[in-house]
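*Asks:* Have a look at the structure that comes next, please.
The values are calculated or read from the model by the stated rules, or taken from the named source; none is laboratory data. Since the model is a prediction, treat every value here as computed from it, not as a measurement. Here the Cβ is made from the backbone with ideal geometry for all residues, glycine too, and neighbour counts use every protein chain on show. Heavy atoms of the whole protein, side chains included, go into the accessibility calculation; ligands, DNA and RNA do not. Shrake-Rupley method; radii C 1.70, N 1.55, O 1.52, S 1.80 Å.
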Amino acid sequence: MNQRVFDQVWGEVRSQYYDPQLHGVDWNEARRTFRPRALAAPDDRALYGALGEMLRLLNDDHAGVAPPAVARRQDQLRERRAAIGVTLRPDPEHRGEYTVESVRTGSPAAAAGVAEGWRLVLGDDGWSPEQDVVEGRTLHLTFTDEEGAAHPLAITPVVMEPRPAFVADNLRPGVMVFRIEGFEPGLGRWMGDQLAELDPDTDVVIDMRGNPGGRLLEADAVLSCFLPNDQAWATRTSRSGRRIVMRTAGGCGDLQQPVANDLAILVDGSSRSAAELTPAALQEAGRAVVVGEPTAGAVLISQESRLPDGGRLTLSRADFVTSGGVRLEKHGVTPDLPAAVTREDRRAGRDPALDAAIAALGERSSRDIAIVGVQAP
C-alpha cells in the first residue's frame with residue numbers, strides 16, 4: 001500500500017503539475033530519495049511525513065497530502081463527530097509540531113485550557129493528527145505555550161455538533177456581516193438568498209479570515225452577487241499553456257442582477273486560495289474595500305485526488321493571474337485598509353479589524369450623502 005500511495009503521488013506530480021518544469025526540481029532524484037523512506041514507513045505519520053517533505057520541494061502551498069484520518073475529518077467537517085475542538089496547522093519552524101490556530105468554545109480542549117498559539121508536541125508513542133480520535137478515549141497530549149512552558153494534558157474527545165459553514169450576523173444596526181468558513185457547496189445560493197432580503201442601504205461585510213478556500217464555482221457565484229454578469233475577473237493557464245479568461249457566470253441564488261450595497265471584505269494571513277481570488281477581483285473592480293492583513297499568497301488553482309489508502313493529494317493544476325495581470329501566488333492580497341487582530345484581542349472578545357471595516361463603510365456612506373447634498377437643488 002505504501003508503494004501504491006507513493007507512486008500515485010509521484011506520478012501525478014510528474015504528469016499533471018501545472019508547471020511542466022516542476023519549478024526546477026529534479027523529480028527523478030526526489031523519487032530516489034523519498035521512495036525508500038515511504039516504502040519502509042511503519043505508519044501513516046511516517047509515510048505522509050515523507051510524502052509531505054517531498055512535495056515541499058515544489059515550494060507550493062497547494063501541493064500537499066492528507067493521511068486517511070485527516071481526509072475523513074475533512075469529509076465530516078459539517079457532520080456530528082468526535083472531536084477535541086482544536087484546529088491545528090503544521091508548524092514550519094518546528095518539525096513534528098503543530099500550531100493551535102483556534103480553540104472552539106465549549107470544547108474539551110477549551111475546558112483543558114488549551115490556547116490559540118500554543119504548539120502541540122508529538123511524542124513517538126502518543127496520538128498525532130494522522131490518527132482518528134474516538135469518543136470517550138482520552139488523549140494524553142503535551143502543548144507548549146508562547147513562553148515555552150510545557151502543558152501535559154489529558155483531553156477526552158466528545159461528539160460535537162458541526163459549525164455552520166456560513167453565518168449571517170445582523171446584530172449591528174445598518175450592517176450585515178457574512179462569516180464564510182469556506183467556499184463550500186451552496187455558498188452562492190445561500191448568499192443570494194440573504195442579499196435578496198437585504199435593504200440596499202445596509203452595508204455588507206464579508207469575513208473571509210481563516211478561510212482556506214474551496215470551490216472555484218462558489219467563488220464565481222459570490223462575485224456574481226456584486227459584479228455584472230460576464231465580467232472578466234481572472235485568467236487561468238493550464239499545464240499545456242492554454243489560457244482561459246474567467247468571467248462571472250451568475251449563480252448568486254435567484255438574484256437577477258448584482259446588489260449595490262456598500263461592501264467590505266475582511267482577510268488575514270490565513271485567507272487562502274478562493275478567499276484571496278475573490279477579494280482581489282472585487283478590489284480590482286473597485287467594488288469593495290479590503291480590510292485586515294495580507295493574505296497567504298496560495299492562489300494556484302488546485303484539484304484533489306483520492307489515494308489508494310483513503311488519503312488525499314492536493315495538487316496545483318493551473319496558474320492564475322487577476323484580470324489586471326497581477327500574479328498573487330507568493331504575494332497575496334494587500335488590504336486597502338490594514339487592520340490587525342492580536343491573540344489578546346481575540347481572547348478578550350475584541351475585533352478591531354471588523355470595527356475598522358464597519359467604520360470605513362460608514363465613512364463611505366457619509367461621503368455619498370454629502371455629495372448628494374451638494375448636488376441637490
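*Asks:* If you take the beta carbon distance between ARG306 and GLU363 as r and set R0 to 51 Å, what does 1/(1 + (r/R0)^6) give as a FRET efficiency, to the nearest 0.05?
*Replies:* Using R0 = 51 Å, I get an efficiency of 0.55.
*Asks:* Okay, moving on. Quick one: helix 187-196 against the long Cα principal axis of the chain, what's the angle to the nearest 10°, folded into 0 to 90?
*Replies:* 20
*Asks:* Let me ask something additional. Looking at the range 89-194, which GluC sites (Glu not before Pro) are in a loop (DSSP not H, G, I, E or B) and have at most 13 other Cβ atoms within 10 Å?
*Replies:* Working: sites: GLU93, GLU97, GLU101, GLU116, GLU130, GLU135, GLU146, GLU147, GLU181; in loops: GLU93, GLU116, GLU130, GLU135, GLU146, GLU147, GLU181.
Sparse-neighbourhood loop GluC sites (Glu not before Pro): GLU93, GLU135, GLU146, GLU147.
*Asks:* Run the accessible area of the chain with a 1.4 Å probe and give the carbon-and-sulfur part as a rounded percent. Working shown, then result.
*Replies:* Working: 8930 of 18430 Å².
Whole-percent figure for carbon plus sulfur exposure: 48.
*Asks:* Determine the sum of side-chain charges near VAL299: Lys and Arg each +1, Asp and Glu each -1, restricted to other residues whose C-beta is under 14 angstrom from that of VAL299. Show your work: numbers first, answer last.
*Replies:* Numbers: positive: ARG236, ARG272, ARG317, ARG327, LYS330; negative: ASP60, ASP61, GLU276, GLU284, ASP319, GLU329.
Residues close to VAL299 contribute a combined charge of -1.
*Asks:* Could you compute the net charge surrounding ARG72? Neighbours are other residues with a C-beta less than 15 Å from the C-beta of ARG72; K and R count +1, D and E count -1.
*Replies:* On the way: positive: ARG73, ARG78, ARG80, ARG81, ARG306, ARG312; negative: ASP44, ASP75, GLU79, GLU130, ASP132, GLU135, GLU304, ASP309.
Around ARG72, the charge tally is -2.
*Asks:* At q = 0.18, 0.35 Å⁻¹, what is the base-10 log of I(q)/I(0) for the range 124-166 according to the Debye formula with one equal point scatterer per Cα and no solvent? Please give it to two decimals.
*Replies:* -0.71, -1.21
*Asks:* Over the range 205-325, average the accessible area per residue using a 1.4 Å probe and give it in Å², no decimals. Mind dumping the intermediate values first?
*Replies:* Details: 4440 Å² over 121 residues.
Accessible area per residue: 37 Å².
*Asks:* If I fit a long axis through the Cα atoms of helix 44-55 and take the longest principal axis of the Cα atoms of the chain, what angle between them do I get, 0 to 90°, rounded to 10?
*Replies:* It works out to around 60 degrees.
*Asks:* Need the C-alpha centroid separation for the range 56-101 versus the range 223-245, integer Å.
*Replies:* Between the Cα centre of the range 56-101 and that of the range 223-245, the gap is 30 Å.
*Asks:* Shifting gears a bit: Strictly greater than 27 Å: what percent of every Cα pair in the range 94-238 meets that? It would help to have the intermediate numbers written out before the result.
*Replies:* On the way: 4646 of 10440 pairs.
Result for the distance tail: 45 percent.
*Asks:* Okay, moving on. Considering all alpha-carbon pairs of the range 128-205, what whole percent are spaced by more than 22 angstrom?
*Replies:* On the way: 1646 of 3003 pairs.
So the pairs more than 22 Å apart make up 55 percent of the total in the range 128-205.
*Asks:* Another question, then. Kindly rank 32-40, 80-88 from highest to lowest mean number of other beta carbons found within 10 Å of each residue.
*Replies:* Final packing ranking: 80-88, 32-40.
*Asks:* Also, quick follow-up: Within 10 Å, count the other beta carbons around each residue, average over each peptide in 291-298, 254-261, 108-115, and list them highest first.
*Replies:* Numbers: 291-298: 23.2, 254-261: 13.8, 108-115: 18.2.
Put in order of decreasing packing, that is 291-298, 108-115, 254-261.
*Asks:* Further, regarding this structure: ARG239: net charge of surrounding residues, Cβ under 13 Å, Lys/Arg +1, Asp/Glu -1, itself excluded? List each step's numbers first, then the result.
*Replies:* Working: positive: ARG14, ARG236, ARG242, ARG243, ARG317; negative: GLU12, ASP19, ASP319.
Charge balance in the 13 Å sphere: +2.
*Asks:* In addition: For the range 95-141, compute the orientation-averaged projected area of the C-alpha convex hull (one quarter of its surface), in nm². Can you show the working numbers first?
*Replies:* On the way: hull surface 14.8 nm².
If you wrap the Cα atoms of the range 95-141 in a convex hull and average its projections, you get 3.7 nm².
*Asks:* Stick to the Cα atoms of the range 237-292, pair each with every other, and give me the Kirkwood hydrodynamic radius in Å at one decimal. Could you put the intermediate results ahead of the total?
*Replies:* On the way: mean 1/r = 0.0742 Å⁻¹.
This gives a value of 13.5 Å.
*Asks:* Taking a quarter of the surface of the Cα convex hull of the chain, what do you get in nm²? Walk me through the intermediate numbers first.
*Replies:* Numbers: hull surface 82.6 nm².
Spelled out: convex hull of the Cα atoms, projected over all directions, averaged, 20.6 nm².
*Asks:* Just the ratio, please: alpha-carbon radius of gyration of the range 289-330 over 2.2 N^0.38 Å, N its number of residues. Present the calculation step by step, with values, prior to reporting the outcome.
*Replies:* Details: Rg = 14.3 Å, N = 42, 2.2 N^0.38 = 9.1 Å.
Compared with the compact-globule rule of thumb, the range 289-330 sits at 1.57.
*Asks:* As an exercise, use a Förster radius of 41 Å and the Cβ-Cβ distance of HIS23 and ASP230 to find the FRET efficiency, rounded to the nearest 0.05. Before the final figure, lay out the partial values.
*Replies:* Numbers: r = 34 Å, r/R0 = 0.84.
So, using R0 = 41 Å, E works out to roughly 0.75.
*Asks:* Same structure, new question: So what's Rg/Rh here for the range 1-121, counting alpha carbon atoms and using the Kirkwood radius for Rh?
*Replies:* Working: Rg = 16.8 Å, Rh = 16.3 Å.
Ratio value, two decimals: 1.03.
*Asks:* If you don't mind, another one. Mean projection of the alpha-carbon convex hull of the range 197-319 over all orientations, in nm²? Spell out each step's value before the answer.
*Replies:* On the way: hull surface 35.8 nm².
So the mean shadow area of the Cα hull is 8.9 nm².
*Asks:* I'd like to check one number: the per residue accessible area of the range 54-148, probe 1.4 Å, reported in Å² as a whole number. Show your work: numbers first, answer last.
*Replies:* Working: 5030 Å² over 95 residues.
Accessible surface, normalised per residue, equals 53 Å².
*Asks:* Any idea what angle helix 2-16 forms with the longest principal axis of the chain, computed on alpha-carbon atoms, 0 to 90 degrees, nearest 10?
*Replies:* 40
*Asks:* Additional query: Once the Cα gyration tensor of the range 175-226 is diagonalised, what are the square roots of 5 times its eigenvalues, in whole Å and ordered largest first, as equivalent ellipsoid semi-axes?
*Replies:* Details: eigenvalues 71, 33, 13 Å².
Three semi-axes, in Å: 19, 13, 8.
*Asks:* With no solvent and one point per C-alpha, what does the Debye sum give as log10 I(q)/I(0) for the range 61-117 at q = 0.15, 0.20, 0.27 Å⁻¹?
*Replies:* Here log10 of I(q) over I(0) equals -0.53, -0.91, -1.21.
*Asks:* I would also like to ask the following. Using only the alpha carbon atoms of the range 233-377, find the Kirkwood hydrodynamic radius as the inverse mean reciprocal pair distance, in angstroms to one decimal. Let's see the in-between values first.
*Replies:* Working: mean 1/r = 0.0565 Å⁻¹.
One decimal place: 17.7 Å for the Kirkwood radius.
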